[in-house]
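Following: one structure in structure tokens, then a few remarks.
The values are calculated or read from the model by the stated rules, or taken from the named source; none is laboratory data. Since this is a predicted model, take the numbers as computed values, not measurements. Here Cβ is always computed from backbone atoms with ideal geometry, including for glycine, and neighbour counts include all displayed protein chains. Only protein heavy atoms, including side chains, enter the accessible area calculation; ligands, DNA and RNA are left aside. Shrake-Rupley method; radii C 1.70, N 1.55, O 1.52, S 1.80 Å.
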Amino acid sequence: MSNYHIKHLEEYYQVYRKSVRNPEGFWEEIAEEHFIWRKKWDNVLEWDFSKPEVKWFQGAQLNITENCIDRHLPTRRNKTAILFEPNDPKEEALHITYGQLFEKVCKMANVLKANGVKKGDRVCIYLPMIPELTYAVLACARIGAIHSVVFAGFSSNALATRINDSDCKMVITSDGSFRGSKSIDLKGIVDKALEDCPGVNTVLVAKRTKSDIEMVEGRDKWLAPLMAEASADCDAETMNAEDPLFILYTSGSTGKPKGMVHTCGGYMVYTAYTFKNIFQYREEDVYWCTADIGWITGHSYIVYGPLANGATSIMFEGVPSYPDFGRFWEVVEKHKVNQFYTAPTAIRALAKENLDYLEKYDLSSLKVLGSVGEPINEEAWHWYNNNVGKKKSPIVDTWWQTETGGIMISPIPYVTPTTPTFATLPFIGIQPALMDEEGKEIKGNQVEGRLCIKFPWPSIARTIWGNHERYRDTYFSAYKDMYFTGDGANRDAVGYYRITGRVDDVIIVSGHNLGTAPIEDAINEHQAVAESAIVGFPHDVKGNALYGYVILKETGESRDRDNVRNEINQQITELIGPIAKLDKIQFVSGLPKTRSGKIMRRILRKIASNDTSNLGDTSTLLNPEIVKEIMDNVL
Ligand code: WTA
């Protein structure tokens, strides 16, 4: 038990030093003491970032669902595992106990098996935040199928790309979804996607909105009757520690989305250990992460990390603004939430509203507040600290990524003194480095550079599905023997890290990573568009919003520009999803390019951000005159 729960700063430094001096010994002890394995490992770690290859707990066998469910049954059978809070506050919340979760997951696992899903098969899950989503994820893990959850806000096109990229043979979805006052026709989106997915032979459909949908004979099946008939017992498949557990897509700066592959053993150990410490979870606590399970935050810190600790984890179907802006606080009061984990974009949106929405509710149960997904600005940090935490609940600003599987840099609450906007110290076992553009490590404090990690941690993604070369190029080629995060950061006088944002062409809008390339492709598909470039610009709620520079084709005919703007956003919504819509679209006659033809996004970014005092040397551009035209017409 020694290192599992860190309680003061000295202990943090002590354990940190140990984890860095002898990572293998350290993680072996954690793995040995806190998880159940069917067979122990032959080797704790084998790694080589130049290949790149990382293997933790080679030779070990386990099933993560035994660690998340079965082992809790003797002591926590009647404890709530998942607390489902529906979109509509008038609908009753559902307390799903560990005993019930076991039955549901086994039933669903048996349904998957009966429908031909085998170990290693890929199953796409396209579900709203309803209990079936958790069952589906765990049912896949139970039988060794690889789940690929696609956030149910993505369009049919984006869904089809992801289904095909990993050859999913089954899709699990629902008739529809509720989001605030809206209901969305999810099944219709799936039907459209599947027109381009010949590999999918079965669609399981959960009932949620009871809307009228079409069921394709031979392909589509209602989930509920199948689960009702299925046996409530299903042996967990024996998995090797390095077998894939899931694929989760994330945007790259270029090209199609990257299917990050996480494996069973290391992912389990790291998400469980970080959850316990970073949220200081204790047995009776009620923990709430407001993310969607369609993102990594939901995978690691709604499902796997909490359940591996026998926690009570809230799953919220709704949105922060429905039925009004007090909803989060209403839920905190109602379920006496102890740990609350959300995104800066939500905090900023709520901070704009009247404080009455918050002050109506009793938030005294809160002990820890978390933030994730993008840098939290100072104002939002203070609002969160003053009004939600009443200056008593520490804020854990947790920096991490889909690729890292778990939280990497974060305070430990009640242990690490916090500084607004700083993610503070590396978590146990994490060895960050700041690099300069020449590839040298910048040592010492009060420095700024590109954030890399020097040594593997148990939950690092092992590859990109079907494209190991891209994995190497994206993460391991910028700096020798380092994992490159794509983020910039600085380190202050006491060694605290502050993440300053992406240094590549990924733009984070409301906490969602968006690559420029797919959005530009979507814009360029509009028949009137010749070329386009998008950049991010600061937005007071979303963090960043998208600004598009668009060159129209010269056809001689005049076009209503607002119509074109609407059509472009329509096109983006169809091809990617509404999260990628542009806030501003400026029509231009050209884009600033280098002599080799590369768009100078740096200049476009500055113009869009109204920060043109220091544009740098534009004379080396192929077309320097265009900069003035763009500046003169900026929106
Ligand atoms: C950004 C989300 C600043 C960062 C878990 C990273 C953050 C990207 C923070 C990964 C934070 C995440 N402070 N920036 N606390 N957390 N980011 O893959 O740019 O959806 O690279 O994973 O979000 O986003 P992803």
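Can you pull out every residue in the range 170-190 that is surrounded by 20 or more Cβ atoms within 10 Å (Cβ to Cβ) and not hydrophobic (A, V, I, L, M, F, W, C)?
From the range 170-190, those surrounded by 20 or more Cβ atoms within 10 Å (Cβ to Cβ) are 170-178, 186-187, 189-190; that's our starting set.
Answer for the range 170-190, where residues must be surrounded by 20 or more Cβ atoms within 10 Å (Cβ to Cβ) and not hydrophobic (A, V, I, L, M, F, W, C): Thr173, Ser174, Asp175, Gly176, Ser177, Lys187.
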Keeping to the range 444-470, report how many residues are part of a strand (DSSP E or B), hydroxyl-bearing (Ser, Thr, Tyr) and more than 12 Å from Pro52 (Cβ to Cβ). 0
Could you tell me whether the range 494-509 includes any residue that is in contact with a strand residue (DSSP E or B) (Cβ under 9 Å, 6 or more places away or on another chain), part of a strand (DSSP E or B), basic (Lys, Arg) and open to solvent by 60 Å² or more (accessible area, probe 1.4 Å)? yes
So the strands (runs of 3 or more DSSP E) completely within the range 8-116 holding 3 or more residues that are under 21 Å from Met227 (Cβ atoms) are 80-85, 94-97
Report, by residue number, each residue of the range 471-486 that is within 16 Å of the ligand (Cβ to nearest atom), outside any loop (DSSP other than H, G, I, E, B) and open to solvent by 10 Å² or more (accessible area, probe 1.4 Å). Thr474, Phe484
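If a residue counts only when it is among the charged types (D, E, K, R), which strands (runs of 3 or more DSSP E) contained entirely in the range 219-280 have at least 1 such residues?
Details: elements: 220-222, 244-250, 258-263.
Filter on the range 219-280 gives 220-222, 258-263.
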Can you tell me which residue is farthest from Glu242 (Cα to Cα) among those in the range 40-59 that are in contact (Cβ under 8 Å) with a residue 40 or more places away in the chain and touching a strand residue (DSSP E or B) at 6+ places or on another chain (Cβ under 6 Å)? Trp47
Across the range 406-419, which residue is surrounded by the most Cβ atoms within 10 Å (Cβ to Cβ) among those that are among the hydrophobic types (A, V, I, L, M, F, W, C) and more than 14 Å from the ligand (Cβ to nearest atom)? Ile412
Got at least one residue in the range 261-270 being away from the ligand (no atom under 16 Å from the Cβ) and either without any contact (Cβ under 8 Å) to a residue 24 or more places away in the chain or open to solvent by 20 Å² or more (accessible area, probe 1.4 Å) (or both)? no
Hits in the range 489-535 - residues which are more than 30 Å from Thr418 (Cβ to Cβ), of a type in the set (Gly, Ala, Ser) and within 14 Å of the ligand (Cβ to nearest atom): Gly515
So which pairs qualify, if the first residue must be in the range 123-138 and within 10 Å of Ser177 (Cβ to Cβ), the second must be among the acidic types (Asp, Glu) and at pLDDT 95 or above, the Cβ gap must be under 9 Å, and the two must be at least 6 apart or on different chains? Pro128/Asp292; Pro128/Glu317; Met129/Asp292; Met129/Glu317; Ile130/Glu317
